[in-house]
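Below: the structure, in structure tokens.
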Amino acid sequence: MTGEPVPLRPAPSTALEDAIRVWPELEALRYLDGWTWQVCGSVVSRDGLLGYRSLTLSGLWLEVLLIFGPDDCEAQRAFDNRAVWERRGTVAEVLAAVAVLPPPGAPGAPLLPATGWRTD
């Protein structure tokens, strides 16, 4: 060893980090537990950000977020790849709706296939 410092390589950028660089308003997404993030195409600012998480060990229940900017977000809860709940709005509005959605099997949780976007 020569005692010379070894240059550190920067950590690889993640899809979420790329999105936060483009849209700093998405900083709060760092603190969501259990979500996996990826760019929908090749460029987050053009193609959007996809987030998903499994709600059950079987993986049959999923929640999905599609983010195209701070003011353009879509969410779905799906069972076996069939949407049972959908929401569209700003990232803040959609995350608030996801946060109060009862877990699968709990009273008030959606069970039937969704029929379209809900705005309430």
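What follows is calculated from the coordinates using simple rules that are stated; it is not laboratory data. Small disclaimer: the values here were computed from a predicted structure and weren't measured. Heads up, the Cβs are rebuilt from the backbone with ideal geometry, glycines too, and the neighbour counts pull from every protein chain shown.
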### Task
Test V84 against the criterion of being β-branched (V, I, T) and closer than 18 Å to G48 by Cβ, and give yes or no.
no
### Query
Would region 80-92 turn up any residue that is within 10 Å of the chain's Cα centre (by Cα) and either in contact (Cβ under 8 Å) with a residue 40 or more places away in the chain or surrounded by 11 or more Cβ atoms within 10 Å (Cβ to Cβ) (or both)?
yes
### Query
Would you call P103 of a type outside the set (F, W, Y), free of Cβ contacts under 8 Å to residues at least 24 places away in the same chain and in a loop (DSSP other than H, G, I, E, B)?
no
### Residue list for region 76-96, filter: in contact with a Phe, Trp or Tyr (Cβ under 9 Å, 6 or more places away or on another chain) and small (G, A, S)
A78
### Query
Has region 47-67 got at least one residue that is in a helix (DSSP H, G or I) and charged (D, E, K, R)?
yes
### Among residues of region 28-44, those that are more than 11 Å from the chain's Cα centre (by Cα) and under 24 Å from S54 (Cβ atoms), counted
5
### Task
State all residues of region 44-62 that are more than 21 Å from E17 (Cβ to Cβ) and touching a residue at least 12 places away in the same chain (Cβ under 8 Å); if no residue qualifies, say none.
S54, L55, T56, L60, W61, L62
